[in-house]
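Working notes, structure below.
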Amino acid sequence: MKLAQTVAFFGNVPCRDAWGTNTFTGSLDTSKKPLRDTQIAARRILIVGPSVVRPPRNTVLLDGVAYIIGDAFPDYWFGDMLRSNWEIHKADGLATIRTFAQAIAGAGGTTAYVGKVWQKDVKDPSETSTVFNDVSFYLGVNEAVPDNAIIGLGGTNHICQNQYDTASGYLEVKAQELANPSITVVALSTSVYSPVADTNTTTSSVVTALVMRWQEGFKYLSQGTVQYHRGDLQMIVRKADATPTTGSNLSYSGLDYTILGIRGEGDCWSLHTRLA
């Protein structure tokens, strides 16, 4: 068919599955959708032939640059498919996706290409004048992101707040940047009272913790949950590393904190802490 041959003639951009060896060619066009300014430059349309197989992890390399594939829109002529139009989003790099415990240990998890888009600045004037960034990550729709995952990209960790499938065929993960360094060493002091000897025995240990503002990791599970106070932090430690108790003390960044509440987060403890 002459029209199909004409369409194929302009498909001279070399493409490759970012996670495999499959190669094909296509052509690029600009995205026609109305988008935020931070997304316009990252979106393109990749036009491929009807026989091209979509990469399983929805990521393609164009001249060495990774793009995440969203929805596909075919064009037909008298019942025959001429081409498929893939919406693609430029990736900002290869990110690590980890649970709390994996992030603290610095090992495990998965990797995936992600597109990072700034959404808005967040400021809590009752606490600080520092501005915190709310961002969105765009991934292939079949990528697995655990709840409250830690996404590491470019030396910065982000805590995932929410995720959903977008109308454009991507997985969008809402996240907030964590202050660096978010993973650090803290000193934990636990005191155990013996009613028989009427004495307190204090044990001290050094553990690795994931530290964030209390607002970034809190959960109100009941009316009895301790309310927020200015300067509160949420510190997460692995259950394998420590068994903290309410009232124990933590030393972090030269300051002493008291543990007000403890909540289990899978294989970690989430600690609500306040300046002592």
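Annotations
- Within the range 104-122, restricting attention to residues that are touching an Asp or Glu at 6+ places or on another chain (Cβ under 6 Å) and not charged (D, E, K, R), the residue that is modelled with the lowest pLDDT is 122.
Rundown of residues vs (1) within 26 Å of residue 21 (Cβ to Cβ); (2) in contact with a strand residue (DSSP E or B) (Cβ under 8 Å, 6 or more places away or on another chain), yes/no style:
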| site | (1), (2) |
| --- | --- |
| 43 | no, yes |
| 52 | yes, yes |
| 56 | yes, yes |
| 64 | yes, no |
| 88 | yes, yes |
| 96 | yes, yes |
| 106 | no, yes |
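- Residue among 60, 53 that is of a type in the set (A, V, I, L, M) and either modelled with pLDDT under 90 or assigned to a loop (DSSP other than H, G, I, E, B) (or both): 53
- Among the residues of the range 66-82, those that are in contact with a strand residue (DSSP E or B) (Cβ under 6 Å, 6 or more places away or on another chain) and of a type in the set (Gly, Ala, Ser) comprise 66, 70, 72.
- Residue in the range 79-87 that is part of a loop (DSSP other than H, G, I, E, B) and touching a helix residue (DSSP H, G or I) at 6+ places or on another chain (Cβ under 8 Å) present: no
- For the range 254-272, filtering for residues that are under 20 Å from residue 100 (Cβ atoms) and assigned to a loop (DSSP other than H, G, I, E, B) leaves 2.
Matching residues to (1) on the phi < 0 side of the Ramachandran plot; (2) among the basic types (Lys, Arg):
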| residue | (1), (2) |
| --- | --- |
| 228 | yes, no |
| 235 | yes, no |
| 238 | yes, yes |
| 244 | yes, no |
| 248 | yes, no |
| 253 | no, no |
| 256 | yes, no |
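- Note on the range 141-168: residues that are touching a Ser or Thr at 6+ places or on another chain (Cβ under 6 Å) and either without any contact (Cβ under 8 Å) to a residue 24 or more places away in the chain or of a type in the set (Gly, Ala, Ser) (or both) amount to 1.
- Lone unmet requirement of (1) of a type outside the set (Gly, Ala, Ser); (2) at pLDDT below 90; (3) surrounded by 13 or more Cβ atoms within 10 Å (Cβ to Cβ) for residue 36: (3)
- Within the range 5-29, tally of residues that are modelled with pLDDT of 80 or more, polar (S, T, N, Q) and out of contact with any Pro (no Cβ under 8 Å at 6 or more places or on another chain): 3
The values are calculated or read from the model by the stated rules, or taken from the named source; none is laboratory data. These numbers were taken from a predicted model, which means no experiment stands behind them. Quick reminder, even Gly has a Cβ in these numbers, built from the backbone with ideal geometry, and neighbours come from all protein chains shown.
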